[in-house]
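Contents: one structure, followed by commentary.
The values are calculated or read from the model by the stated rules, or taken from the named source; none is laboratory data. A quick note: this is a predicted structure, and the numbers were derived from the prediction, not measured. As a convention, Cβ positions derive from the backbone with ideal geometry for all residues, glycine included, and neighbour counts pool all protein chains shown. Note: areas computed on protein heavy atoms with side chains; ligands, DNA, RNA excluded. Shrake-Rupley method; radii C 1.70, N 1.55, O 1.52, S 1.80 Å.
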Amino acid sequence: MTVLLTGFEPFDGAAVNPSWEAVRLVPGVRAVQLPCVFGQALEHLRAAVLEHDPAVVVCVGQAGGRPDVTVERVAVNIDDARIPDNAGRQPIDEPVVPGGPAAYFATLPVKACAAAARTAGVPASVSQSAGTFVCNHVFYGLMHLIATERPGIRGGFVHVPFAPEQVLGQAGPSMPVAMVAEALTAIVAAAVSVEGDLRLVGGSLH
């Protein structure tokens with residue numbers, strides 16, 4: 001079974017993006033780096049799906065400020081960029097796919113994936129929002145591609161914390177890239193092997 005993992009190039013002036021650094025360490029998968037650019041990221045993702053014909057796709061991005069690995073539940077059809085992307089684009093209140101559904105749920109077993117990461121010793125949880133930057137753009141684009149063209153693919157998105165070197169001299173959570181890779185390895189295993197999902201608490205109050 002072919003599994004495709006994607007991570008992003010650094011953005012917003014950073015020297016590293018832990019999503020890509022961790023994806024590169026996961027064994028037995030196809031790893032592809034996406035540009036942190038609206039539109040171009042989806043073009044690269046589509047090309048990777050066509051090239052590798054995966055059964056499972058897990059896109060990974062950085063969520064600075066989050067303390068744990070978060071498995072995203074829902075992608076929304078909106079681009080609303082707080083900062084410019086790496087090409088200087090900053091869409092405001094624009095749809096990812098004009099005329100597309102308001103949202104898509106991940107087709108990964110999100111609670112089982114988060115539980116698998118925790119079993120591997122890595123803090124992890126289910127997230128209800130992937131934001132409105134390029135991460136959500138890719139997540140929505142992936143799920144739209146699956147819904148309209150590749151229904152046999154199981155797909156979703158995972159956010160990871162800053163790497164330790166990104167928070168030197170600052171207050172804020174981080175996680176070693178090797179630990180993130182362990183979480184992603186466990187998440188991939190769950191995505192491949194768990195048919196339904198676990199009935200566990202995974203909601204939030206806000």
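Descriptive notes on the structure:
- Heavy atoms of residue 93 accessible to a 1.4 Å probe, total area in Å² rounded to 10: 100 Å²
- Of 52, 159, 144, the one that fluctuates the most in a GNM where the chain has Cα springs shorter than 10 Å: 52
- Amide H to amide H distances under 5 Å link residue 108 with 155, where only residues 5 or more positions off or on other chains count and H is placed in the peptide plane.
- Bins of 10 Å, starting at 0 and running to the largest distance - Cα pair percent for segment 49-126: 15, 33, 38, 14, 0
- Largest accessible area first, the residues 50, 198 order themselves as 50, 198 under a 1.4 Å probe with ligands, DNA and RNA left out.
- Amide H within-cut-off set for residue 34, under 5 Å, with H built and near neighbours excluded: 7, 8, 9
- Under a model in which nothing but the beta-carbon of Lys, Arg (+1) and Asp, Glu (-1) is charged, segment 53-151 shows a dipole of about 360 debye around its Cα centre.
- Value of relative contact order over the chain, rounded to a whole percent, pairs C-alpha under 8 Å and six or more apart: 29 percent
- Annotation: segment 1-76 has a Kirkwood hydrodynamic radius of 13.1 angstrom, from the mean reciprocal C-alpha pair distance.
- Taking 17 Å as the cut-off, the amide N atoms of segment 68-85 that come nearer than this to a point 7 Å along the Cα-to-beta-carbon line of residue 43 belong to 85.
- Which of 15, 156, 32, positive extreme of dipole for the chain (C-beta unit charges): 156
- Dimensions of segment 37-78 along the principal axes, based on C-alpha atoms and rounded to the nearest Å, stand at 34, 23, 17, largest first.
- Dipole-positive endmost among 167, 58, 133 within segment 58-206 (Cβ charges, Cα centre): 58
- Shape call, segment 108-164: gyration tensor on alpha carbons, a/c limit 1.5: oblate
- DSSP-loop trypsin sites (Lys or Arg not before Pro) across segment 64-116, with at most 13 other Cβ within 10 angstrom: 82
- Scanning residues 5 or more positions from residue 61 or on other chains, those with amide H under 5 Å from its amide H are 158, 159, 160, with H placed 1.01 Å from N in the peptide plane.
- P(r) of segment 125-206 over all Cα-Cα pairs, binned every 10 Å from zero, in whole percent: 14, 34, 41, 10, 1
- Orientation-averaged projected area, Cα convex hull of the chain (nm²): 11.0 nm²
- Debye, to nearest 20: dipole size of the chain, +1 on Lys, Arg Cβ, -1 on Asp, Glu Cβ: 460 debye
- Helix-derived mean residue ellipticity, 222 nm - over the chain, DSSP H n ≥ 4, -39500 (n - 2.57), to 500: -9000 deg cm²/dmol
- Rolling a 1.4 Å probe over the protein heavy atoms gives segment 112-206 an accessible area of 45 Å² per residue.
- For the chain, built as a Gaussian network whose Cα springs stay under 10 Å, the top-fluctuating residue of 39, 88, 156: 88
- Here's the picture: a label point sits 7 Å out from the Cα of residue 25 along the beta-carbon direction, and within segment 1-16 the residues with their amide nitrogen under 18 Å of it are 5-10, 15-16.
- Most fluctuating residue given options 170, 40, 62, as computed from a GNM of the chain linking Cα atoms under 10 Å: 170
- From the alpha carbon centroid of segment 181-206 to that of segment 74-93 is 27 Å.
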